[in-house]
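To keep things clear, I will list the structure first and then write my remarks on it.
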Amino acid sequence: MTAGLRTGATIAAAAIIAVMIFSISCDTPEFDPPNRIKSLRILAVKSEPREVSPGEEVIISGLAVNEDGTIYTGPIAWVLGSTGALTGAERSEASEEDVEGVMHIQMTEDDPFVYTMPTGGEFDEKFEEYNADGTVLTIGMGIGDLDNPIMSIKSLMVRDNTSFENPVFVGLDFLVEGRYVLPDEDGVFNVGNTEAVKVTANVDFPTGDEKTFHWFTATKGLKEFTVDKAIEWKLPKESGIYDIYCVARENTGTQFGDGDYNVKSAGVDWGAARIRVSETMDDVIWADGN
């Protein structure tokens with residue numbers, strides 16, 4: 001079974017490489033509406049640290065969900081590669097052999113993609129000629145049916161003097177009927193039979209100015225796409241447990257080389273919470289203790 005999954009993941013990695021040829025730093029595909037989870041999706045990809053220097057270790061991870069809004073825990077195919085050395089015309093005619101890089105098959109959450117960035121000539125051989133002011137690599141993530149994977153691609157900045165950091169997600173606050181609620185011992189926020197809750201993302205942004213918040217849930221309760229740190233979530237009438245996700249982003253545009261292209265260096269972190277809708281307000285844990 002494991003061998004079969006690894007074979008499928010290898011196929012997925014090849015598919016990711018093919019996508020990398022045509023896109024140096026695209027992000028998650030568009031959905032309608034973007035904040036409604038209706039299928040297997042990748043919501044975000046991040047590297048820690050956000051920018052890395054040769055010789056440093058980088059941990060690459062992703063946030064993926066199933067169609068019901070629960071966390072995806074299946075195999076993941078990772079690719080870290082480069083097409084930056086190709087011009088636009090060359091990229092349109094490139095093949096998989098033109099993309100240099102490394103691959104990692106993640107079978108469980110305990111097997112993350114951890115990579116030590118090579119130095120000197122080893123970097124040049126593995127990826128492309130290193131530019132100390134900024135070399136852009138591409139992270140590719142593939143999940144699901146690994147013969148035809150769901151994919152997402154993100155840029156990774158490698159340079160001598162790193163300056164930008166990821167945001168740090170502190171948590172989500174829930175306001176029910178004007179009062180804050182606390183999670184139970186299982187980490188679930190009981191919200192009773194209220195019609196809507198206000199959810200606020202608490203995030204620290206060490207660097208950067210362009211800050212956005214992207215919300216996702218499998219319910220219909222987020223009426224409009226918003227990038228605000230606080231949203232109103234109209235809750236389902238049916239009792240049950242529901243998940244909500246928020247991806248915090250900080251984007252910084254950087255010009256490279258002769259100015260032919262601009263790469264958005266995206267700082268990313270995310271938070272998630274689970275709520276319980278019930279028929280009464282009896283199990284709600286109010287923050288004020290009343």
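Coordinate-derived values only; no laboratory data. These numbers come from a predicted model, not from an experiment. Neighbour counts run over all protein chains shown; Cβ positions are idealised from the backbone, glycine included.
Once R0 is set to 35 Å, what does the formula 1/(1 + (r/R0)^6) return for the Cβ-Cβ distance between Val170 and Thr280, expressed as a FRET efficiency to the nearest 0.05?
On the way: r = 30 Å, r/R0 = 0.87.
According to the calculation, E is roughly 0.70.
Note down the nm distance, to one decimal, between modelled labels 7 Å out along Cα→Cβ at Glu125 and at Ala196.
About 6.1 nm, to one decimal.
Pull out a ≥ b ≥ c, the square roots of the eigenvalues of the alpha-carbon gyration tensor of region 189-244, then state rounded if a/c is under 1.5, prolate if not and a/b is larger than b/c, and oblate in the remaining case.
On the way: a/c = 2.87, a/b = 2.16, b/c = 1.33.
Verdict is prolate for region 189-244.
If I take R0 = 41 Å and measure r between the Cβ atoms of Met107 and Ser239 in this structure, what FRET efficiency does the formula 1/(1 + (r/R0)^6) give, to the nearest 0.05?
Numbers: r = 35 Å, r/R0 = 0.87.
The pair Met107/Ser239 has a calculated efficiency of 0.70.
So if the hydrodynamic radius of region 170-210 is defined as the Kirkwood radius over C-alpha pairs, what does Stokes-Einstein give as its diffusion coefficient at 37 °C and 0.692 mPa s, in µm² per second?
Details: Rh = 11.9 Å.
D, rounded to a whole number, is 275 µm²/s.
Show me, for region 151-156, the HN-Hα J-couplings you get by feeding each phi into the Karplus relation (A = 6.51, B = -1.76, C = 1.60, θ = phi - 60°), rounded to Hz, glycine and proline as x.
Taking θ as phi minus 60°, the curve returns 10, 9, 10, 9, 7, 10 Hz for region 151-156.
Under a point spin-label approximation (7 Å from Cα along Cα-to-Cβ), what is the Lys223-Leu182 distance to one decimal in nm?
About 3.3 nm separates the two model spin labels.
I'd like the Karplus ³J(HN,Hα) series for region 47-53: coefficients 6.51, -1.76, 1.60, θ = phi - 60°, whole numbers in Hz, and an x wherever there's a Gly or Pro.
10, 10, x, 5, 10, 9, 9
Can you list the trypsin sites (Lys or Arg not before Pro) in region 166-217 that are in a DSSP coil and have 11 or fewer other beta carbons within 10 angstrom? Write down the numbers at each step before the final one.
Details: sites: Arg179, Lys198, Lys211; in loops: none.
Of the trypsin sites (Lys or Arg not before Pro), not one in the loops of region 166-217 has a Cβ with at most 11 other Cβ atoms within 10 Å.
If each residue of separation counts as 0.36 nm, what is the full-extension length gain between Ser163 and Ala287 once their alpha-carbon separation is subtracted?
On the way: separation 124, 0.36 × 124 = 44.64 nm, distance 3.84 nm.
Computed gain between Ser163 and Ala287 is 40.8 nm.
What per residue convex hull volume, in Å³, do the alpha-carbon atoms of region 100-227 yield?
Working: hull volume 25.1 nm³, N = 128.
Dividing the Cα hull volume of region 100-227 by its residue count gives 196 Å³.
Mind listing the long-range amide H neighbours of Trp270? Cut-off is under 5 Å, sequence gap 5 or more, other chains count too, H placed in the peptide plane at 1.01 Å from N.
Counting only residues 5 or more places away or on other chains, the set is Phe169, Ala248.
So for region 116-173, Kirkwood radius off the Cα pairs, Stokes-Einstein at 4 °C and 1.567 mPa s: how many µm² s⁻¹?
On the way: Rh = 14.2 Å.
Answer from the Stokes-Einstein relation: 91 µm²/s.
I need the phi-derived Karplus couplings for region 127-132: 6.51 cos²θ - 1.76 cosθ + 1.60, θ = phi - 60°, integer Hz, Gly and Pro marked x.
Those phi angles translate into 10, 7, 4, 6, 10, 4 Hz.
Can you give the FRET efficiency to the nearest 0.05 for Ile71 and Asp133, using r as the Cβ-Cβ distance and R₀ = 45 Å? Mind dumping the intermediate values first?
Working: r = 38 Å, r/R0 = 0.85.
With a Förster radius of 45 Å, E is 0.75.
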